[in-house]
Amino acid sequence: MNRRKFLTILGSAGVVSALGTAKVAKAASHTFPYYEESYGVLHDTTRCIGCRRCEAACNKVNHLPRPAKPFTDLSVTETRRRTTAYEWTVVNKYEMNGKPVFRKLQCFHCNDPACASACFAKCFQKLPDGTVAYDGSQCVGCRYCMVACPFYVPGFQYDEAFDPLVQKCTFCEPRLKEGKLPGCVEACPVNALTFGKRSDLIKAARARIADNPGKYVNYVYGEWDAGGTAWMVLAPAAGTAEAVRPNNAADAGPALEQLGLNTHLGKQPMGELTYGALGAVPMIVAFWPVLFGGAYAISKRREAVHKAEQDQVVAQAKEDVTAAVDAAVRKIEETQGPGAAETARRAMAEALKAREARTAHPDGHGEDK
């Protein structure tokens, strides 16, 4: 491949990539199937006591490494923690109305997961039971899922040198298949976590708000946020509860923000926002080896041509030296006889051999000229 041919291929690939990117962006209204019978969990933060038993249960059922501090140490809730590759759920403490309020953090299992739309290896999948499942067998470690997630949930195994994976809450999907509750829900001693059909949980949340005026923010976080999530949150009212139901989280008052919830996600499914932008990644990934492969080929070709020219010059020089030696020996033989000619031939052969040795192993003063 010469330079002209490589640049031609490069230009053609760039056009194809641009056209492909435009085509993907045009078809960016990608959404995942909505499963009406999917499950969910309602987290009532007015009931949560910050006992961390949900953390302990998650650690146990998923066989995660034991934390540096035991689960009985409640002081860790004072720190605003995030989920990691080895801590799939954490409980943090917040201050509202001068009182402590605790909220459990984990994967929200979005109806339209941004992690799945951003992953070109198709490692994430939205399942009918509500789970956003992850299969790491095809994972390339790009971590686009971590960038796309509006809740900053997925964690990466940075300490794994050979096969690092993305890790997050699995909704205890293996337990769901066995008819069991998620580990955290089963372990909660105060019923702060309620498992059931997502549609039923929304009705239950609305009933709690109506039956307890002034206790809750009149908004179910996760019902519509980011297109809706399987895990939803009820927050305590920061003051007097709103008489009118807010249209979005941003209008629901300061209580949601005081609980560390993102109130500016909107209702648009996240898959629609990430699919167009990151859908072109497979094309870029496929094109990248062509780009650097071509550059590598040109470089190796240049090296091969240079070596061939060098070898040709050396061969010609050897032929010239051999011819000159033969001519000198014949002249000596004509003037001084065969004995002197043979002596001269041996001396010249030894001199050439010594010169080649000095050229192959310079002594610090440069090659013998």
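Please give the number of the condition R175 fails out of (1) touching a residue at least 24 places away in the same chain (Cβ under 8 Å); (2) assigned to a loop (DSSP other than H, G, I, E, B); (3) surrounded by fewer than 21 Cβ atoms within 10 Å (Cβ to Cβ).
(2)
Would you pick out the residues in the range 128-154 that are crowded, with 21+ Cβ neighbours inside 10 Å, within 11 Å of Q167 (Cα to Cα) and not hydrophobic (A, V, I, L, M, F, W, C)?
The answer is Y134, P154.
Whether any residue in the range 61-68 is in the same structural domain as A226 (by TED's automatic domain parsing) and assigned to a helix (DSSP H, G or I) is what I want to check.
yes
Restricting attention to the range 192-205, report how many residues are among the basic types (K, R), in a helix (DSSP H, G or I) and either surrounded by 15 or more Cβ atoms within 10 Å (Cβ to Cβ) or in contact (Cβ under 8 Å) with a residue 40 or more places away in the chain (or both).
Of the residues in that region, 1 qualify.
Looking at this structure, is V190 out of contact with any Gly (no Cβ under 9 Å at 6 or more places or on another chain), among the β-branched types (V, I, T) and either within 21 Å of Y86 (Cα to Cα) or outside the structural domain of A85 (by TED's automatic domain parsing) (or both)?
No: the conditions fail for V190.
How about the range 154-203: which of its residues are among the hydrophobic types (A, V, I, L, M, F, W, C), under 29 Å from A118 (Cα atoms) and over 31 Å from the mean Cα position of the chain (by Cα)?
Passing the criteria: L201, I202.
When you look at A210, is it out of contact with any Leu (no Cβ under 7 Å at 6 or more places or on another chain) and free of Cβ contacts under 8 Å to residues at least 40 places away in the same chain, yes or no?
When the stated conditions are applied, A210 passes them.
Can you tell me which residues in the range 254-270 are part of a loop (DSSP other than H, G, I, E, B) and of a type in the set (A, V, I, L, M, F, W, C)?
Of everything in the range 254-270, those that are part of a loop (DSSP other than H, G, I, E, B) and of a type in the set (A, V, I, L, M, F, W, C) turn out to be L259, L261, L265.
Consider the range 182-191. How many of its residues are surrounded by fewer than 18 Cβ atoms within 10 Å (Cβ to Cβ) and aliphatic (A, V, I, L, M)?
1
Any residue in the range 55-81 that is within 22 Å of G260 (Cα to Cα) and touching a residue at least 24 places away in the same chain (Cβ under 8 Å) sitting within a Cβ distance under 7 Å of a residue that is in a loop (DSSP other than H, G, I, E, B) and of a type in the set (S, T, N, Q)? List the pairs, counting only those 6 or more apart or interchain.
Hits for this filter: E55/T89; C58/T89.
Hey, does the range 83-93 have a residue that's outside any loop (DSSP other than H, G, I, E, B), surrounded by fewer than 19 Cβ atoms within 10 Å (Cβ to Cβ), among the basic types (K, R) and modelled with pLDDT under 95?
no
Failed condition for S137, given (1) within 25 Å of R198 (Cβ to Cβ); (2) in a helix (DSSP H, G or I), with all others met?
Here S137 meets the rest and fails (1).
Quick one: in the range 99-118, which of the residues that are modelled with pLDDT of 95 or more and in a strand (DSSP E or B) is farthest from the chain's Cα centre (by Cα)?
If we take residues in the range 99-118 being modelled with pLDDT of 95 or more and in a strand (DSSP E or B), then P100 is farthest from the chain's Cα centre (by Cα).
For the condition closer than 30 Å to E272 by Cβ and aliphatic (A, V, I, L, M), what is the one hit in L105, L64?
Among L105, L64, only L105 is closer than 30 Å to E272 by Cβ and aliphatic (A, V, I, L, M).
Cβ-Cβ below 6 Å, separation at least six or inter-chain, first residue in the range 315-341 and farther than 16 Å from A351 by Cβ and surrounded by 11 or more Cβ atoms within 10 Å (Cβ to Cβ), second at pLDDT below 75 and not polar (S, T, N, Q): which pairs?
If the second residue must be at pLDDT below 75 and not polar (S, T, N, Q), the pairs left are E333/A341.
The values are calculated or read from the model by the stated rules, or taken from the named source; none is laboratory data. The model shown is predicted, which means the values in this text are computed figures rather than measured ones. Neighbour counts are summed over all protein chains in view; Cβ atoms, including those assigned to glycine, are modelled from backbone coordinates with ideal geometry.
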